[in-house]
1. Out of the residues in the stretch 1-23 that are more than 13 Å from the ligand (Cβ to nearest atom) and in a helix (DSSP H, G or I), state the one that is farthest from ILE262 (Cα to Cα).
2. Please state which of the following conditions VAL125 fails to meet, knowing it meets all the rest: (1) under 29 Å from ILE159 (Cα atoms); (2) within 18 Å of the chain's Cα centre (by Cα).
3. Can you tell me which residue in the stretch 302-320 is farthest from HIS256 (Cα to Cα), limited to those that are aliphatic (A, V, I, L, M) and out of contact with any Asp or Glu (no Cβ under 8 Å at 6 or more places or on another chain)?
4. Does ALA68 satisfy the condition of being loosely packed, with under 15 Cβ neighbours inside 10 Å, aliphatic (A, V, I, L, M) and more than 28 Å from ASN157 (Cα to Cα)?
5. For the stretch 129-136, indicate whether the set of residues that are β-branched (Val, Ile, Thr), assigned by TED's automatic domain parsing to the domain that holds ALA168 and outside any loop (DSSP other than H, G, I, E, B) is non-empty.
6. Mind listing whichever residues of the stretch 28-61 are within 16 Å of the ligand (Cβ to nearest atom), outside any helix (DSSP H, G or I) and either surrounded by fewer than 16 Cβ atoms within 10 Å (Cβ to Cβ) or not basic (Lys, Arg) (or both)?
7. Those residues that are in a strand (DSSP E or B) and within 13 Å of THR10 (Cβ to Cβ), I need them from the stretch 159-205; list them, please.
8. Could you tell me whether the stretch 87-102 includes any residue that is more than 30 Å from THR22 (Cα to Cα), in contact (Cβ under 8 Å) with a residue 60 or more places away in the chain and in the same structural domain as ARG19 (by TED's automatic domain parsing)?
Amino acid sequence: MADSLRAAVTGMGSYVPARIMTNADFEKILDTTDEWITQRTGIKERRIRTDGESTLTMATEASRQALAEANVAAADLDLIIVATITPELPFPATACLLQSELGAGNIPAFDLSAACSGFIYALTVGDQFIRTGTYKKILVVGVDVMSHFADYTDRGNCILFGDGAGAAVLEASTDERGIAYTVLAADGGGAGFIHAPAGGTRLPTTHQTLDEGLQFIKMQGRDVYRFAVEKMQWLLGDCMAQCNLTPDDVDMVIPHQVNMRIICSAVEKYNFPMEKVYINIDKYGNTSAASVPLALKEAMANGKVGPGSTVLLIAFGAGLTWAGAVLKL
Ligand code: UT7
């Protein structure tokens, strides 16, 4: 019965570059301190790609791991979705390049752009195809090379971001494992709060746009902060209400690793103890679409969650976008 199908996460993979950029490294190039960055964000270090590493290489490595863990051959996949705002090329889609790299068949493959909410957006799309019985095995990837957009002369935001990739294999399941609920939202009126002004068709790249650094992230940090706290709180409340859960029923909240203060303000509203909130922002910073799958994979790998766990995924990002999911592992 198609209506009793659920999308179970049967394998996960992740990849971060080996190169570490610490707060001390920023002290050497910017007017900032380890103390300021740690207190305001919770970040101690982040991973930055080196030559030879790109959106595609990182996505490929994470995907291979996820497929191996799920024991699914690339040739048996029905669909590939890549969530990214830093694609390998302006076109074609990174998902098509990944399909070829993995040796999957001529299955549909597309990218999806929802910034830091991207992985949950992609998970939701994959879930719909499985619930309707259209596809049985789907690869969902969240990957971003945020160092590509970071202006290392702008202390107001470059300290936040890192590079990484996370991947999940979704398979049709008829037991209670799988995605129980998802919610997506966006407010394009807030597009200017965090964006890259140039490099698209509105303002194509020219020598002048490059000289002015308009290819880099411009962010109204305080506005994004307020929005983030409000939406992360709303997502937690909505996910629990829709699934009749209380904080006691939730084994782990996996929030977008955006800023320790934002995460704490969100979970405090529902009195979630911090041991039920997965944090790895100190090691990776904000990796955009990779943030949630990197945290989920790490929580699974170190035994913080496992089969039977109920997990809430919540994220917000540029767009503005926000998204949540309730997952039974
Ligand atoms: O996925 C979405 C990604 N975006 C975000 O997550 C952004 C959310 N916002 C934030 O995380 C915070 O707003 C920031 C961490 C970006 C900034 O923290 P804040 O507490 O909101 O600081 P602020 O922007 O209000 O700046 C306070 C002061 C300013 O100095 P004055 O004007 O008070 O003298 C800034 O110039 O801190 C200064 N400042 C810094 N000082 C040292 C800003 N960045 C830095 C820095 N090091 N890196």
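1. Taking the candidates together, the pick is ALA2.
2. That leaves (1) as the condition not met.
3. Of everything passing the filter in the stretch 302-320, ALA318 is farthest from HIS256 (Cα to Cα).
4. yes
5. Yes, there is a match, as at least one residue in the stretch 129-136 is β-branched (Val, Ile, Thr), assigned by TED's automatic domain parsing to the domain that holds ALA168 and outside any loop (DSSP other than H, G, I, E, B).
6. Correct list: LEU30, ASP31, THR32, THR33, GLY42, ILE43, GLU45.
7. Matches in the stretch 159-205: ALA167, ALA168, VAL169, LEU170, GLU171, ALA172, SER173, GLY178, ILE179.
8. No, every residue in the stretch 87-102 fails to be more than 30 Å from THR22 (Cα to Cα), in contact (Cβ under 8 Å) with a residue 60 or more places away in the chain and in the same structural domain as ARG19 (by TED's automatic domain parsing).
The values are calculated or read from the model by the stated rules, or taken from the named source; none is laboratory data. Note that the structure is a prediction, hence the values are computed from the model and not measured. No Cβ is skipped: glycine too gets one built from the backbone with ideal geometry, and neighbour counts run over all protein chains shown.
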